[in-house]
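Engineer: There's a structure below that I have some questions on.
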Amino acid sequence: MNRDRAEVIAIAALEWLAGKPDLMAVFMGSSGLDSGMLPEIASDPGFLGAVLDFVLLDDAHVLDFCAACDLPADAPMRARQALPGGALPNWT
């Protein structure tokens, strides 16, 4: 997956979160952000990675997001890997 596609998926995840006020509140609280900050950081690749990290914390969130956006269940993980900080560790 290329970075542009990953960013599109992450923005879709942010939109999905915004449509779930209770879950969005948990995300905002855990990130330390307030809603006024979103417009200025919503396109930042590091922030978008954090959005995907949050979605990836719970399989139910992944499946719900993917179903809502007609994406395969591995799309959020593949997108996360394409954004800064998302590379899989190399233990060798």
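The values are calculated or read from the model by the stated rules, or taken from the named source; none is laboratory data. Everything numeric here is computed off the predicted structure, so don't read it as measured data. In this analysis, Cβ positions are derived from the backbone assuming ideal geometry, glycine residues included, and neighbour counts consider all displayed protein chains.
Engineer: Need a quick list: helices (runs of 4 or more DSSP H) entirely within segment 21-75 having at least 3 residues that are modelled with pLDDT of 95 or more and under 13 Å from the mean Cα position of the chain (by Cα). If you could, list the steps in order and put the result at the bottom.
Structural biologist: Values: elements: 21-31, 38-41, 45-55, 59-69.
Correct list: 45-55, 59-69.
Engineer: Restricted to segment 36-65, and to residues that are β-branched (Val, Ile, Thr) and within 14 Å of ARG80 (Cβ to Cβ), which residue is surrounded by the fewest Cβ atoms within 10 Å (Cβ to Cβ)? Even if it seems obvious, please write down each step before you answer.
Structural biologist: As a first pass, look at segment 36-65 and keep what is β-branched (Val, Ile, Thr): 41, 51, 55, 62.
Keeping just the survivors that are within 14 Å of ARG80 (Cβ to Cβ) gives 51, 55, 62.
Working: VAL51: 25, VAL55: 25, VAL62: 20.
Taking the candidates together, the pick is VAL62.
Engineer: How many residues are loosely packed, with under 15 Cβ neighbours inside 10 Å, part of a helix (DSSP H, G or I) and of a type in the set (Gly, Ala, Ser) when one looks only at segment 1-20?
Structural biologist: Looking only at that region, the number is 1.
Engineer: Just the residues that are surrounded by fewer than 20 Cβ atoms within 10 Å (Cβ to Cβ) and either assigned to a helix (DSSP H, G or I) or acidic (Asp, Glu) (or both), please, taken from segment 76-86.
Structural biologist: MET77, ARG78, GLN81
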